[in-house]
Amino acid sequence: MIVIVGGGIIGLASAHHLAERGYDVTVCERTNLGTGSTERAVGGIRAQFSTPINIKLSNYSIDVWERFEDEFGINIEYRQHGYMFLAAEEETADTIRDNVALQQEHDVPSEYLDPDDAKAILPELHVDRFLGGSFSGRDGSADPHLAVQGFSEAVRELGGDIRKDVEVQDVVFENGGPSRVETSDGDIPADYVVNAAGPWAADIGSLAGLDLPVTPKRRQVGVVRPEIPYPEDAPMVFDMDSGIYFLPDRDGDALMGGHFGGPDPDIDPADYSKGYDLDWITEALELASDVSEHFGLDSEIKDGWAGLYAITPDHKPIIEESRPGFINAVGFSGHGFMHSPAVGSIVADLVEEGETSLVDLDVLSAERFEGATIEGEKNVL
């Protein structure tokens, strides 16, 4: 029996891959499926990263997202409208050039843009303030709720057991590995335990005697009615220097977010504000208005929400069998939804073979944080 802690997209993708390979799987979710970080994600899917490992996770996953409806029978509203990264500073432009070169080495169809190229893609850009950028039309977005539905239905069809409103309280180890998981709904026998608990990853890791450097951080998203409607086929745009991003929603609306403002306070994932802050969304709209004519003075703030990133020091996940029978798939720093198909395959490989050929897992080991230097992911929205 394999017990997966966490019924978000990572846990369900892992459960699906394991169930497909014939394993008995039980998913334990403390509330409802996908109600942690997954349901509060904007659904971005991209391969424009600055580290080879994240590019590889994306390439595998995008292949799955492109055929998801055919395989799972669920339309996840996947739109490949592209991502555009923009640089206002020369150092940032140099970083984007380096990123594009790396991405192209890994078969990502990204390209470096001069300001005129960027304006040709989105005519309303205030290109005078930018030195350049990058674009890949294969990047896009999908609905995380529908992806959760697709994976969970497939797990159940394969005989997997998904238990909601069940809190994991302890993991008991005997004879060198897990023997059972103690929950609010009774004990479950376990040969393997998969920690896919998102913002609760460190808490679950501690049950196995592990000190995981995964910290929950609150991130906000605003829903805006732009002064000029934002087309549904327009790209997600990220100003790497100001930290603002925006992407198409529905009916001309836009979603926006980003990493700006003050330092992140400590967060209790079980007790934090899930609403948006008016000061924050006002600043977001002001920053977006510097990027594009869409967000003029007559733009309307409609709604918003807050969710949690589970962040590691280098913004790359920890995926490993940290001790015999205990697998961590945690710390995705906002990239868990987009990378979940690849992660599910890796988790199944670890159970079946003890290793994977999909990526070099040494790069994702928690031991990397004991070294003097680590390569951090720069393209974090």
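The values are calculated or read from the model by the stated rules, or taken from the named source; none is laboratory data. Just so we're clear, the structure is a prediction, and the values are computed from it rather than from any experiment. Glycine gets a Cβ as well: all are built from the backbone with ideal geometry, and neighbour counts include every protein chain shown.
A single entry from VAL363, VAL351 fulfils the requirement of being part of a helix (DSSP H, G or I) and touching a strand residue (DSSP E or B) at 6+ places or on another chain (Cβ under 8 Å): VAL351. Suppose the filter is crowded, with 24+ Cβ neighbours inside 10 Å and either small (Gly, Ala, Ser) or farther than 25 Å from ASP191 by Cα (or both); does PHE369 pass it? Against the criterion (crowded, with 24+ Cβ neighbours inside 10 Å and either small (Gly, Ala, Ser) or farther than 25 Å from ASP191 by Cα (or both)), PHE369 does not qualify. Among the residues of the stretch 15-39, those that are outside any helix (DSSP H, G or I) and buried (at least 24 other Cβ atoms within 10 Å of the Cβ) comprise VAL25, VAL27, CYS28, GLU29, GLY34, GLY36, SER37. For the stretch 210-225, the criterion of a residue being in contact with a strand residue (DSSP E or B) (Cβ under 6 Å, 6 or more places away or on another chain), surrounded by fewer than 22 Cβ atoms within 10 Å (Cβ to Cβ) and farther than 24 Å from GLY7 by Cβ is satisfied by at least one position. When residues in the stretch 85-131 are screened for being touching a residue at least 60 places away in the same chain (Cβ under 8 Å) and either of a type in the set (A, V, I, L, M) or in a helix (DSSP H, G or I) (or both), 12 of them pass. Of all the residues in the stretch 238-281, those that are surrounded by fewer than 12 Cβ atoms within 10 Å (Cβ to Cβ) and not basic (Lys, Arg) number 12.
Of all residues in the stretch 150-176, which are at pLDDT 95 or above and over 19 Å from GLY8 (Cα atoms)?
ASP170, VAL171, VAL172, PHE173, GLU174
Residue pairs whose Cβ atoms lie under 8 Å apart, sitting 6 or more positions apart in sequence or on different chains, and linking a residue in the stretch 36-52 that is outside the structural domain of GLY336 (by TED's automatic domain parsing) to a partner that is modelled with pLDDT under 95 and surrounded by 21 or more Cβ atoms within 10 Å (Cβ to Cβ), do not occur here. Picking from ASP187, ASP203, ASP165, which residue would you name as being part of a strand (DSSP E or B), of a type in the set (D, E, K, R) and not assigned by TED's automatic domain parsing to the domain that holds ALA270? Of the residues listed, the single one that is part of a strand (DSSP E or B), of a type in the set (D, E, K, R) and not assigned by TED's automatic domain parsing to the domain that holds ALA270 is ASP187.
Which of the residues that make up the stretch 173-184 are surrounded by fewer than 23 Cβ atoms within 10 Å (Cβ to Cβ) and either in contact (Cβ under 8 Å) with a residue 12 or more places away in the chain or assigned to a loop (DSSP other than H, G, I, E, B) (or both)? Passing the criteria: PHE173, ASN175, GLY176, GLY177, GLU182, THR183, SER184.
Here SER322 passes the criteria (1) touching a strand residue (DSSP E or B) at 6+ places or on another chain (Cβ under 6 Å); (2) within 28 Å of MET236 (Cα to Cα); (3) at pLDDT 95 or above except the one numbered (2). A single member of GLU111, GLU77, GLU124, GLU71 is at pLDDT 95 or above, over 30 Å from VAL148 (Cβ atoms) and surrounded by fewer than 16 Cβ atoms within 10 Å (Cβ to Cβ), and it is GLU111.
For the residues GLY150, GLY186, the requirement of being out of contact with any strand residue (DSSP E or B) (no Cβ under 9 Å at 6 or more places or on another chain) and on the phi > 0 side of the Ramachandran plot singles out GLY186. Which numbered condition in (1) farther than 28 Å from TYR23 by Cα; (2) in contact with a helix residue (DSSP H, G or I) (Cβ under 7 Å, 6 or more places away or on another chain); (3) of a type outside the set (A, V, I, L, M, F, W, C) is the only one that ARG97 fails? Of (1) farther than 28 Å from TYR23 by Cα; (2) in contact with a helix residue (DSSP H, G or I) (Cβ under 7 Å, 6 or more places away or on another chain); (3) of a type outside the set (A, V, I, L, M, F, W, C), only one is false for ARG97: (2).
In the stretch 125-162, of all residues being acidic (Asp, Glu) and out of contact with any Lys or Arg (no Cβ under 7 Å at 6 or more places or on another chain), the one that is farthest from GLU227 (Cα to Cα) corresponds to ASP161.
Taking the stretch 266-299 as the range and being acidic (Asp, Glu), outside any strand (DSSP E or B) and over 11 Å from PRO226 (Cβ atoms) as the test, the residues that pass are ASP266, ASP277, ASP279, GLU283, GLU286, ASP290.
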